[in-house]
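Presented below is the structure to which this report refers.
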């Protein structure tokens with residue numbers, strides 16, 4: 001008896017083609033958003049009142065977010081970090097799709113660095129959500145795409161045992177992935193974030 005559609009989809013999701021393809025697509029989206037945000041940051045530096053294309057309303061407003069101190073935490077626009085980091089992710093994804101297998105230390109280092117990147121992305125999201133009171137559409141895209149890259153990278157590293165997890169923790173993590181609970185967790189998380197935005201700002205975004 002042949003595989004069911006669900007079985008084929010689950011097998012595809014665990015394949016390197018799907019994992020690194022998702023990583024590549026997400027990193028490309030993040031790179032595109034970082035490029036646009038970098039251009040906008042230069043425009044705001046020249047004219048703080050510049051009318052940006054993503055100034056859609058009082059809530060979805062890149063200008064408000066870009067003018068805040070949180071947009072340049074290290075003394076330069078945060079988007080420049082994306083321009084530096086995402087090409088590395090893209091290179092790893094393309095090389096992996098071509099069959100390159102990176103050393104364990106390299107993948108562990110990538111996991112640690114991208115975990116910091118994910119934490120920074122969510123810090124910026126919550127600052128915009130709770131403190132600035134405005135959301136940048138391109139920043140939201142970066143948040144989502146960073147989440148997807150992190151998820152793909154984590155799946156690879158758990159499956160291949162690159163994280164030096166204790167035996168029991170590693171076994172539990174692999175079981176969660178085997179039952180697709182990692183996908184469910186990410187979906188629930190992203191839906192929860194979307195629900196937060198709609199609940200707080202929904203009427204103001206119309």
Tell me yes or no: at least one residue of the range 2-22 is more than 29 Å from residue 181 (Cβ to Cβ) and either touching a residue at least 24 places away in the same chain (Cβ under 8 Å) or not in a helix (DSSP H, G or I) (or both).
no
Residue 31 meets each of (1) assigned to a helix (DSSP H, G or I); (2) modelled with pLDDT under 95; (3) in contact with a helix residue (DSSP H, G or I) (Cβ under 6 Å, 6 or more places away or on another chain) with one exception, condition (2)
Condition test on residue 195, is it surrounded by fewer than 18 Cβ atoms within 10 Å (Cβ to Cβ) and either farther than 30 Å from residue 67 by Cβ or in contact with a strand residue (DSSP E or B) (Cβ under 7 Å, 6 or more places away or on another chain) (or both)?
no
Of the residues in the range 177-206 that are closer than 17 Å to residue 14 by Cα, in a helix (DSSP H, G or I) and touching a residue at least 12 places away in the same chain (Cβ under 8 Å), the one that is farthest from the chain's Cα centre (by Cα) is 177
If we keep only residues of the range 88-108 that are closer than 17 Å to residue 150 by Cβ and either in contact with a strand residue (DSSP E or B) (Cβ under 7 Å, 6 or more places away or on another chain) or in contact (Cβ under 8 Å) with a residue 40 or more places away in the chain (or both), then the residue surrounded by the fewest Cβ atoms within 10 Å (Cβ to Cβ) is 108
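Going by the structure shown, is residue 75 touching a residue at least 24 places away in the same chain (Cβ under 8 Å) and surrounded by fewer than 18 Cβ atoms within 10 Å (Cβ to Cβ)? Explain how you work it out, then say what you get.
Values: touching a residue at least 24 places away in the same chain (Cβ under 8 Å): no; surrounded by fewer than 18 Cβ atoms within 10 Å (Cβ to Cβ): yes.
Judged against the criteria, residue 75 is not a match.
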Quiz prompt | Boolean, residue 169 is surrounded by 11 or more Cβ atoms within 10 Å (Cβ to Cβ) and under 22 Å from residue 11 (Cα atoms) | solution = no
In the range 160-176, anything in a helix (DSSP H, G or I) and either in contact (Cβ under 8 Å) with a residue 40 or more places away in the chain or farther than 29 Å from residue 140 by Cα (or both) is listed as 167, 168, 169, 170, 171, 172, 174, 175
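Test of understanding: among 149, 100, which residue is part of a loop (DSSP other than H, G, I, E, B) and within 15 Å of residue 24 (Cα to Cα)? Can you show your working first?
Working: 149 fails: part of a loop (DSSP other than H, G, I, E, B).
Exactly one of 149, 100 is part of a loop (DSSP other than H, G, I, E, B) and within 15 Å of residue 24 (Cα to Cα), namely 100.
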Per the filter on the range 34-59, residues touching a residue at least 60 places away in the same chain (Cβ under 8 Å) and not in a helix (DSSP H, G or I) are 54, 56, 57, 58, 59
Just one listed residue, out of 47, 40, is modelled with pLDDT of 90 or more and closer than 25 Å to residue 148 by Cβ, and it is 40
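The values are calculated or read from the model by the stated rules, or taken from the named source; none is laboratory data. On a predicted model such as this, the values are computed, not experimentally measured, just so you know. Please note: Cβ atoms are built from the backbone with ideal geometry, for glycine as well, and neighbour counts cover all protein chains shown.
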